[in-house]
Structures are given as C-alpha cells and as structure tokens.
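The values are calculated or read from the model by the stated rules, or taken from the named source; none is laboratory data. Small disclaimer: the values here were computed from a predicted structure and weren't measured. No Cβ is skipped: glycine too gets one built from the backbone with ideal geometry, and neighbour counts run over all protein chains shown.
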Amino acid sequence: MAWLLVIVAGLLETGFAVCLKLSHGFTRLWPTIAFCAFALGSFGLLTLSLKRLDVGPAYAVWTGIGAAGTAIYGMVFMGDVVSALKLISITLVIVGVMGLQLSGSAH
C-alpha cells in the first residue's frame, strides 16, 4: 500500500510541475490553484508513505516518476522537443530508480 501512495504521489508531482509551467510565474489563477492542490497531494502522500518505507528508495521513485512523467507530458502535450538523447535519459532515470529499489530496501 505504501508503494501505491508513492506512485500516486509521483503522478501528482508530474501534475504540479506541469501546472507550475502553466501558471506563468503564478500569474494565472487556475493553474496556480491546481499547482497548489497537486503539490499538497503529492507531498502529503509521500509523507504518509514514508511512515513505512525507507526514505532513499521512496524519494527516488517519487522524483523518478515526476521527472520522467513531466518530460514525457511535455513532449506529448506541450510541444517540447523529442530527441533520442531525451528518450534514453528518461529510460536511464527509470532503470536507475528500479535498480535502487531492487538493491534490497523493501520491507
């Protein structure tokens, strides 16, 4: 259950990063409100998950989902440049997070 919280928190991190961009420096009301809601949800779920998980792997999964998710969202929906290096880098982030998790920290 704790890992499910981390995964949902990571997806919410993607949401708050995208809304941060859309807020244009907190000058647009609805993206700013959405940013606040996503950030509160993301940090809240991560905090709850850390009651049962080691901080290193949980934080790595959270940031990995957020970073990869934001990069993919930007390329698919926001016109960010797609390149082989970006796709390889996203893959390396995911593989690195998986490696950290598989290194033996699960309870």
Note on segment 73-107: residues of a type outside the set (Gly, Ala, Ser), modelled with pLDDT under 95 and in a loop (DSSP other than H, G, I, E, B) are His107
For this session: Could you please let me know if Ala9 is under 18 Å from Gly96 (Cα atoms), hydrophobic (A, V, I, L, M, F, W, C) and surrounded by 14 or more Cβ atoms within 10 Å (Cβ to Cβ)?
Result: no
Considering segment 1-27, residues that are in contact with a helix residue (DSSP H, G or I) (Cβ under 7 Å, 6 or more places away or on another chain) and assigned to a loop (DSSP other than H, G, I, E, B), and then whichever is nearest to Ala67 (Cα to Cα), we arrive at Ser23
Can Thr70 be described as part of a helix (DSSP H, G or I), surrounded by 12 or more Cβ atoms within 10 Å (Cβ to Cβ) and not aliphatic (A, V, I, L, M)?
yes
Scanning segment 27-49 for residues that are crowded, with 16+ Cβ neighbours inside 10 Å, of a type outside the set (Gly, Ala, Ser) and free of Cβ contacts under 8 Å to residues at least 24 places away in the same chain gives Pro31, Thr32, Phe35
- Answer with yes or no whether Leu4 is touching a residue at least 40 places away in the same chain (Cβ under 8 Å) and over 19 Å from Met78 (Cβ atoms). no
The residue from Ala67, Ala58 that alone is under 20 Å from Gly99 (Cβ atoms), in contact (Cβ under 8 Å) with a residue 40 or more places away in the chain and among the aliphatic types (A, V, I, L, M) is Ala58
Checking Ala60, Ala84 in turn, the sole residue that is within 12 Å of the chain's Cα centre (by Cα) and more than 16 Å from Gly15 (Cβ to Cβ) turns out to be Ala60
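This table checks each residue for (1) more than 26 Å from Leu92 (Cα to Cα); (2) in contact with a helix residue (DSSP H, G or I) (Cβ under 6 Å, 6 or more places away or on another chain).
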position	(1), (2)
Leu29	yes, no
Ala34	yes, yes
Ala37	yes, no
Leu40	yes, no
Leu48	yes, yes
Leu53	no, yes
Ala71	no, yes
